[in-house]
Amino acid sequence: MTPLLQVQELRKHFQVSVPEGWRQRKANLRAVDGISFDLHAGQTLGLVGESGCGKTTTARLVLGLTEATHGQVLFNGQPVAAKRDATWRAQRQNMQMVYQNPLGALDRRLNVISQVQEPLLIHGLGDALSRTEQAQDLMVSMGLPKPLWHRYPHELSGGQRQRVVLARALILKPSLLVCDEPVSALDVSIQAQVINLLQDVQERMGVAYLFISHDLKVVRQVSDQVAVMYLGHIVEQAPPQQLFSEPLHPYSQALVSSVPSLWQRSNPKRHILQGDPPSPLSLQSGCVFQNRCPHAQAICREVPPRLTPLTSERQVACHLVSEQAVLPDAPLESLA
Amino acid sequence: MMRFLVIRFLRGLLTLFLVLSFAFLILRSTGDPAMLIMSADAPPEALEAFRKGWGLDAPLWQQYVGYFKNLAQGNFGYSMRDKSPAMDLVLERIPATLSLALPAFALKLMMGISAGVYAALHRNTWIDRFLISLSIAGYTMPSFVLGLMLVLVFAVGLGWLPSGGDATWQHAILPVITLSLGGAAVLARFTRSAMLEVMGQSYIRTASAKGLVWRRVVLHHAMPNAAIPTLTVIGFMVGSLIAGAVVVESVFSWPGVGRLLVTSVANRDLAVVQSLLLLVATTMVSANLMVDILYGWIDPRVRSGQAGQGKKA
Amino acid sequence: MNTPSLPDQSQTAAPPSLAQSAIQLIRSMPLLVRLCSLWIVVVLGIALLADFISPYSYSQLDLLARLRPPAFWGGSSDHWLGTDELGRDVLSRLFHSVRISLLVAFISTMLSATVGVLMGFAAAHFRGWVEQLVLTLVDFQASMPFMIIALAVLAFFGNTLVLFIALMGFYGWERSARIARGLTIAANEQGYASAVYDLGASPWRVYLRHILPNIASTLIVSVTLTFPEVILLESGLSFLGLGVQPPMTSLGNMVGYGREYLQSAPWILLAPSLFIVVTTFSVSMLGDWLRDLLDPTLN
């Protein structure tokens, strides 16, 4: 079955000017540097990584909000255009995005129900009466009852606002929803509610999610597959249980080990990364992770590793893992 | 910092160039200056000779090039009325204007800054409120009204001071006061808010908590920091001085550059207007450049190149 | 559905009616601002009703009654504010001058706001060289005193009323442009505008339905502060004889022509001068108060 979303060798490079003494040097910022993945309908792909690793850029490329320097994105087998013309606008009905900051994403001068209806208005679907009805029904099903409908965004709580943003994104019944840190700005207890809501919606409406976050616990809960990004590359991809219990890539290991767990006993063995992440501006050959990898070898400095499948469900981009199944240092006890 | 200044300088040159091109464009695209100066019933040959004399019948682009060539050679055209070189006319009036503008500028600075600082230090007392209202009145009152009122009171009513002309130094008193009050009001208000903002900062509280004498805190810490945004306003003040001079000189019949501008505009004496325009533009550009330099000198952040983008929005 | 929903409580209160909001607004004004608003209403009334409330036509000559003082200064009650050098009634001329001056200021302010907003939007929307062009123009405008630019244009083009208003319309556009550009960029980059674009809205919709309403309050404040400045500018130019030309009369005009009679008949220029000052003061005060109300962080 064709995947809903196919991303192939996607690259996005930005031209930036770096001040250097008197003049300015032109440099290439490789925000996304050759990533590929598939997403099937009704599934969730979680994308994790540090700030600046290219997650948000990936999201924007997938939705056609930015133009790729190289590679392509196929949605339902059709390439996603990045040009903002009428075709692009029509495509919006099928793919939407939810952001980290719900207050910023809403117009503070309009009440929430009119904002939830707006996508229908934009695409000319239905008449005034049916639009209002659809909006009302959707809002109720998302836990936003009638008294809230005519309120303004700043009159709602953070969790309610995020539901409004979700409702607005879902009213067009898209098949793909890209969620960029949707719960990071919310309290933990509210996070759980919103996560449940997202899963509920997925069951009911069959929406596929590209779920981007730096919060591993959350990603673990919602994803069918998790991809770990580092400096514009996907370094590992696996189902959450396998990834979290047995991370293979050194970076994944460090990430997973950094999540404090209630079940860990004292003095956990942490993989602490040395050094600072290198700037995405600098050109270096070989693996992007070499500067911080405790296992770096000569080959790692020469040849960039490709993301290769190990099993039907797992892929890793590391020379050392493809040669042998496990690395010298055994990973930590699992986060069961 | 150097890079910043070089950019500013180039921008200044660009502004000058734009001003001159602007002047040229409208100069040559309007009605027929010959008709205006020589009156409608002059014989056509005379008009034609006039036009040729002023170079008004060559194709436009040729005139444009010739225009800049002229400027480069120091030829700014001739006053259509006096037949003397336009720039000379302008230059000989500059001292008169300066004798008003310089004292007014100094007065503005003194009055404005001291009033503003005083108001900030005595915030919310009646003096503060009084000064604020005064300063609002200052910039809502047009200078010609102010000038005329002063004349009415001091010249006509009380007879203490003369009302026009430039015979003695007493003649300069009312014009200078008129010229300085409006700008002083703006400066006072601005200084006050700059001071208030600075004084609210934590480093001031720290300095005073350290036990420093209040006066020292104000002089050494508060004022220099408040000076930074105030500097930009001073740049504007130069502009408003020029604009103010135009009106004030007309009210008081003071034979300066401003009055010349008004009469030239009324007479459509284009060469003079253009020379004046160039003069004003050069003054503004230099003033802004100096403000930028001072800015860089006072504000260490600019010097180190961090705030190199300047404060434009 | 296992997401809890609130019990269906009472509806949120109905939004207050327009009249109620207006009364609330007036109540919140300090005394001075109230007085200023009252003056503004009076002035507007004069401007609108000038034809009806003027005892005489503003250009009606009466050479036998030249330079008569106002009624409270020793003159007759035929002319409440006296007459000028051609026997014209100062009060009627005053009313008409108010109308002309306000008209010019109003149209110019609207023009400059519109031009400014459009330029600001263009700069923010297209970025690139368009933005650079707009910024250069803004710089240029901000770096020269407008009076000088105005004089130059007047020298070259003459001063019919239409031209004059168009010229005044260029005053202050750079402020609106800066505001529009800044706020639009913010909205586009991280805010509500980009979200609505992502929904598939066309730029027209985003600008008209979302951005403009959001920046309206900031713009309004800027406009209320520009308005008095235009009045001052126009009256200054008219005073110099380069603005509104006779037979039309404006406030600055009256002061200019009355100046010769400063000693002998000061009332000719006192009334318009008073009007200029009080009106500009009132609008400035109102503008200041509005600014504090709408956006205290702007100071």
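Worth pointing out:
- If you check C:Leu269, C:Leu274 for being surrounded by 21 or more Cβ atoms within 10 Å (Cβ to Cβ) and either within 11 Å of another protein chain (Cβ to nearest Cβ) or assigned to a helix (DSSP H, G or I) (or both), only one passes: C:Leu269.
- Condition met for C:Ser59 (in a loop (DSSP other than H, G, I, E, B), modelled with pLDDT under 80 and out of contact with any Leu (no Cβ under 8 Å at 6 or more places or on another chain)): yes
- B:Leu102 meets each of the listed conditions (1) over 30 Å from B:Ile204 (Cα atoms); (2) in a loop (DSSP other than H, G, I, E, B); (3) more than 14 Å from every other protein chain (Cβ to nearest Cβ) apart from (2).
- Among (1) hydrophobic (A, V, I, L, M, F, W, C); (2) more than 30 Å from B:Leu270 (Cβ to Cβ); (3) buried (at least 17 other Cβ atoms within 10 Å of the Cβ); (4) in contact with a helix residue (DSSP H, G or I) (Cβ under 8 Å, 6 or more places away or on another chain), the one test that C:Ala65 misses: (4)
- Within region C:141-174, tally of residues that are more than 7 Å from chain B (Cβ to nearest Cβ) and more than 17 Å from B:Ala243 (Cβ to Cβ): 11
- Checked against the criterion of being within 19 Å of A:Gly206 (Cα to Cα) and either buried (at least 16 other Cβ atoms within 10 Å of the Cβ) or more than 10 Å from chain C (Cβ to nearest Cβ) (or both), the candidates A:Asn101, A:Asn76 yield just one match: A:Asn76.
- Cβ-Cβ under 6 Å pairs, at least 6 apart or on other chains, region B:227-251 side touching a residue at least 60 places away in the same chain (Cβ under 8 Å), far side polar (S, T, N, Q): B:Thr230/B:Thr191; B:Gly244/B:Ser143; B:Ala245/B:Thr97; B:Val247/B:Ser143; B:Val248/B:Ser143; B:Val248/B:Thr178
- Some residue of region C:184-205 being within 28 Å of the chain's Cα centre (by Cα), among the hydrophobic types (A, V, I, L, M, F, W, C) and more than 13 Å from chain A (Cβ to nearest Cβ): yes
- Residue in region B:148-165 that is touching a residue at least 12 places away in the same chain (Cβ under 8 Å), assigned to a helix (DSSP H, G or I), more than 24 Å from the chain's Cα centre (by Cα) and within 14 Å of chain C (Cβ to nearest Cβ) present: yes
- Which listed residue is within 30 Å of B:Thr97 (Cβ to Cβ), within 14 Å of chain C (Cβ to nearest Cβ), surrounded by 15 or more Cβ atoms within 10 Å (Cβ to Cβ) and modelled with pLDDT under 85, from B:Val233, B:Val280: B:Val233
- Candidates C:Val130, C:Val117, C:Val134, filtered to the one that is within 23 Å of the chain's Cα centre (by Cα) and of a type in the set (Val, Ile, Thr): C:Val117
- Failed item, numbered, when A:Asn94 is tested on (1) within 7 Å of chain C (Cβ to nearest Cβ); (2) under 26 Å from A:Leu5 (Cα atoms): (1)
- If you go through region C:26-56 and pick out every residue that is surrounded by 12 or more Cβ atoms within 10 Å (Cβ to Cβ) and assigned to a helix (DSSP H, G or I), you end up with 19.
- Residues in region B:252-273 that are more than 8 Å from every other protein chain (Cβ to nearest Cβ) and part of a helix (DSSP H, G or I): B:Val257, B:Gly258, B:Arg259, B:Leu260, B:Thr263, B:Asn267, B:Ala271, B:Val272.
- Restricting attention to region A:194-225 and to residues that are surrounded by fewer than 18 Cβ atoms within 10 Å (Cβ to Cβ) and of a type in the set (Lys, Arg), the residue that is modelled with the highest pLDDT turns out to be A:Arg204.
Quick grid of which residues meet (1) in contact (Cβ under 8 Å) with a residue 60 or more places away in the chain; (2) over 19 Å from A:Leu110 (Cβ atoms):
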residue	(1), (2)
A:Gly143	no, yes
A:Gly158	no, no
A:Val183	no, yes
A:Arg220	yes, yes
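- Given (1) buried (at least 21 other Cβ atoms within 10 Å of the Cβ); (2) in contact with a Ser or Thr (Cβ under 9 Å, 6 or more places away or on another chain), index of the condition B:Gln274 fails: (2)
- Filtered residues of region A:122-145 (kept if in contact with a Ser or Thr (Cβ under 9 Å, 6 or more places away or on another chain), within 11 Å of chain C (Cβ to nearest Cβ) and not β-branched (Val, Ile, Thr)): A:Ser141, A:Met142, A:Gly143, A:Leu144, A:Pro145
- Annotation note: of C:Leu102, C:Leu67, the sole residue that is hydrophobic (A, V, I, L, M, F, W, C) and either part of a loop (DSSP other than H, G, I, E, B) or without any contact (Cβ under 8 Å) to a residue 40 or more places away in the chain (or both) is C:Leu67.
- Test: residue in region A:123-133 that is more than 25 Å from the chain's Cα centre (by Cα) and buried (at least 22 other Cβ atoms within 10 Å of the Cβ): no
- Selected residue (only one of A:Gln78, A:Gln96, A:Gln15 is at pLDDT below 85 and touching a strand residue (DSSP E or B) at 6+ places or on another chain (Cβ under 8 Å)): A:Gln15
Listed here are the residues, each with its yes/no results for (1) surrounded by 15 or more Cβ atoms within 10 Å (Cβ to Cβ); (2) within 14 Å of chain C (Cβ to nearest Cβ); (3) touching a helix residue (DSSP H, G or I) at 6+ places or on another chain (Cβ under 8 Å).
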position	(1), (2), (3)
B:Ser114	no, no, no
B:Phe130	no, yes, no
B:Ala137	yes, yes, yes
B:Leu146	yes, yes, yes
B:Leu174	yes, yes, yes
B:Phe190	yes, yes, yes
B:Thr206	no, no, no
B:Gly211	no, no, no
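- Only residues that are within 30 Å of A:Ser258 (Cβ to Cβ), among the hydrophobic types (A, V, I, L, M, F, W, C) and either within 14 Å of chain C (Cβ to nearest Cβ) or surrounded by fewer than 22 Cβ atoms within 10 Å (Cβ to Cβ) (or both) were counted across region A:40-62, and they come to 3.
- A count restricted to region A:36-66 and to residues that are more than 21 Å from A:Arg220 (Cβ to Cβ) and touching a residue at least 40 places away in the same chain (Cβ under 8 Å) stands at 8.
- So B:Pro95, is it within 19 Å of B:Leu270 (Cβ to Cβ) and at pLDDT 70 or above: no
- Tally, over region C:247-266, of residues that are part of a helix (DSSP H, G or I), more than 8 Å from chain B (Cβ to nearest Cβ) and surrounded by fewer than 19 Cβ atoms within 10 Å (Cβ to Cβ): 2
- Scope region A:185-208; condition out of contact with any strand residue (DSSP E or B) (no Cβ under 9 Å at 6 or more places or on another chain), more than 10 Å from chain C (Cβ to nearest Cβ) and either touching a residue at least 60 places away in the same chain (Cβ under 8 Å) or not in a loop (DSSP other than H, G, I, E, B) (or both); matching residues: A:Ala185, A:Val188, A:Ser189, A:Ile190, A:Gln191, A:Ala192, A:Ile195, A:Glu203, A:Met205, A:Gly206
The values are calculated or read from the model by the stated rules, or taken from the named source; none is laboratory data. All of these numbers come straight from a predicted model, not from anything done at the bench. Here Cβ is always computed from backbone atoms with ideal geometry, including for glycine, and neighbour counts include all displayed protein chains.
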